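To start, the structure itself, in structure tokens.
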Amino acid sequence: KLFESVGGIQSKMTIPFGRFMMAWFLQCFGIAAFFAYLPVTLKHAYNISPSLTSFLYGLFAAVAIVLYTYGGKRSAKWGSSRVFRSALLLRMVGFFILLGAFFLLAGKELVAIPGFILLVITWPLISISGTDLVVKLSPYNKGATMGLYNAILAIASVMGSFVSAPLQHYLGYASLSGIGLLSFVIAFYAVRHINNAATNSVNQRNGNES
């Protein structure tokens, strides 16, 4: 029974839906690990005051609201898989900037702030394209799909927040941007070939239902 279950999980992970869900888990995990102690991390790692952190987060989270509409339009025009990968790339760049800034001898905050802003403003693009993509890729009905999608978001967020403290304690603040970068690199690798798979999955599901 155990080997059959493991085999079933492995087979699911090889299809586009499985690869997307793995990417979704990893990006949620990586971002949660970094944001768990955000004001403390930015203060001690980059000398960015908590008041400035709060101001920047609030400002660019508000600015990012317009990207929900933009993300929807781009997903319709370019395809949700392309928008999702583009958003993952932008967050990879953000984490790369933050990781590099940690090792600078001076001017850390000036380099780190753009990286932090990239992490904040890309959420609408990931949210819109991810929601559209998971429905198109899923072999299950919409209700079960969205339940699984949100469950993975919750589990990954809890796990990311949980590991953040020991990572910070034993490996230092750089490990948080490092684990974020690694998570997004693997996530991007998992979905790099998901292009027309969404359309094919929908057509196949519609054919099965008819």
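The values are calculated or read from the model by the stated rules, or taken from the named source; none is laboratory data. It should be emphasised that the depicted structure is a prediction, and the values quoted were computed from it without experimental measurement. Here the Cβ is made from the backbone with ideal geometry for all residues, glycine too, and neighbour counts use every protein chain on show. For accessibility, only protein heavy atoms count, side chains too; no ligands or nucleic acids. Shrake-Rupley method; radii C 1.70, N 1.55, O 1.52, S 1.80 Å.
Across all directions, the average projected area of the convex hull around the alpha carbons of region 24-183 is 9.2 nm².
Label separation (Ser54 vs Leu171): 3.0 nm, computed from points 7 Å beyond Cα along the C-beta direction. In the chain, helical runs assigned H by DSSP with n ≥ 4 each contribute -39500 (n - 2.57); averaged across all residues and rounded to the nearest 500, the mean residue ellipticity at 222 nm is -29000 deg cm²/dmol. Cα convex hull, region 147-198: 72 Å³ per residue, rounded to a whole number. Atom-type composition of the exposed protein surface of the chain places 69 percent of the accessible area on carbon and sulfur (1.4 angstrom probe). The 1.4 Å probe gives accessible areas that order Leu104, Leu119, largest first, as Leu104, Leu119.
Accessible area per residue for region 26-185, computed on protein heavy atoms with a 1.4 Å probe, is 47 Å².
Principal axis extents of the Cα atoms in region 97-162, from largest to smallest and rounded to whole angstrom, are 53, 25, 13. Entry note, the chain: relative contact order of 38 percent, from Cα contacts under 8 Å with a spacing of 6+ residues.
Using a Förster distance of 22 angstrom, determine the FRET efficiency expected from the C-beta separation of Lys43 and Met159, and round it to 0.05. Before the final figure, lay out the partial values.
Details: r = 24 Å, r/R0 = 1.10.
That pair, Lys43 with Met159, gives E of 0.35.
Per-residue surface analysis assigns Trp78 an accessible area of about 110 Å², computed on protein heavy atoms at 1.4 Å probe radius. If a/c stays under 1.5 just call it rounded; otherwise compare a/b with b/c (prolate if a/b is bigger, oblate if not). Do that for region 19-64, with a ≥ b ≥ c from the square roots of the Cα gyration tensor eigenvalues. In terms of gyration-tensor shape, oblate.
Note down the magnitude of the dipole of the chain about its Cα centre, charges +1 on Lys and Arg C-beta and -1 on Asp and Glu C-beta and zero elsewhere, to the nearest 20 debye. Don't skip to the end; give the middle numbers.
Details: 15 positive and 4 negative charges, 88 e Å.
Dipole about the Cα centre, nearest 20: 420 debye.
Amide H to amide H distances under 5 Å link Ile48 with Lys43, where only residues 5 or more positions off or on other chains count and H is placed in the peptide plane. Extension gain, Tyr140 to Trp78: 0.36 nm times the residue separation minus the Cα-Cα distance gives 19.9 nm.
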